[in-house]
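What follows is a single structure, written as structure tokens, with notes after it.
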């Protein structure tokens, strides 16, 4: 009987045998396929990272009557202080200077939050990564979602500025929505790249935090480009200036220059390609590095 079994053609075997042969003949997935599956599966589990991001904010302001609006109040006080002081130093009308500073601060808070928190996307979740089987991209989506929630609270400042200074953005304000979406997409690849590098080199978060302090003063947030005649290179070669202007221009009712859109879109594609290549190669080592 055993001899007869060996000579029976494969197509006449039972279903279990055929399934086993098919599994053996199937090629194992490549690292690219695994990385793509991780990103897609993580995005599909929005109920997990959405709940976790909301829980982060609630936990931070637990038993607080105002909650995350303390961030908004603190930023509003700082904007009012800087706006009143620096408008006199730059000899600029408060009505022109304060909206520029206020909206710029709100956008910068969102961008810097994506970058600084992206460095700790995996490090801060080392317990969950080692114990729970989830796509690693879930922790990056969590960071981006949490930053979006904080940004939504801070948009109250933008609304106050628009009302107080009678700024009517018009239909151009609709361009702020795709601009915020693009910044969020950049936050994903930044979280993947910096989060990956930070797990391997623990000095990266401190280096990034220090660098962001320098970049803040080099970016036209508390100063206007026309205040520095003859030094256009400060804005021209500063990618953060394009990122901030992409959202600030439509909120202030001005048309966003096409070269700003072009630069940020190119930055998104290039950054995504670099981050994805790094993620494909080193994704498996994250659990060991942390």
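The values are calculated or read from the model by the stated rules, or taken from the named source; none is laboratory data. Please read all numbers here as calculations on a predicted model, not as lab measurements. Because the Cβ atoms are built from the backbone with ideal geometry, glycine has one as well, and the counts that use them run over all protein chains shown.
Structure data summary
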| read-out | value |
| --- | --- |
| Failed item in (1) under 25 Å from residue 211 (Cβ atoms); (2) in a helix (DSSP H, G or I), with residue 72 passing the rest | (1) |
| Residues satisfying the stated conditions in the stretch 214-227, i.e. without any contact (Cβ under 8 Å) to a residue 60 or more places away in the chain and surrounded by 14 or more Cβ atoms within 10 Å (Cβ to Cβ) | 215, 218, 225 |
| The stretch 187-208: number of residues that are loosely packed, with under 13 Cβ neighbours inside 10 Å and farther than 16 Å from residue 126 by Cβ | 2 |
| Close pairs (8 angstrom Cβ cut-off, 6 or more residues apart or separate chains): over 19 Å from residue 140 (Cα atoms) in the stretch 43-65, surrounded by 14 or more Cβ atoms within 10 Å (Cβ to Cβ) and at pLDDT below 90 anywhere | 61/67; 61/68; 61/70; 64/70 |
| Matching entry among 262, 240 (being more than 21 Å from residue 112 (Cα to Cα) and assigned to a helix (DSSP H, G or I)) | 262 |
| Which listed residue, of 121, 102, is assigned to a loop (DSSP other than H, G, I, E, B), under 22 Å from the mean Cα position of the chain (by Cα) and closer than 30 Å to residue 218 by Cβ | 121 |
| Selection status of residue 159, closer than 22 Å to residue 79 by Cα and part of a helix (DSSP H, G or I) | yes |
| Unique match (being surrounded by 15 or more Cβ atoms within 10 Å (Cβ to Cβ) and either outside any loop (DSSP other than H, G, I, E, B) or in contact with a helix residue (DSSP H, G or I) (Cβ under 7 Å, 6 or more places away or on another chain) (or both)) among 287, 211, 275, 255 | 275 |
| From the options 244, 264, residue that is under 17 Å from the mean Cα position of the chain (by Cα), buried (at least 19 other Cβ atoms within 10 Å of the Cβ) and within 23 Å of residue 85 (Cα to Cα) | 244 |
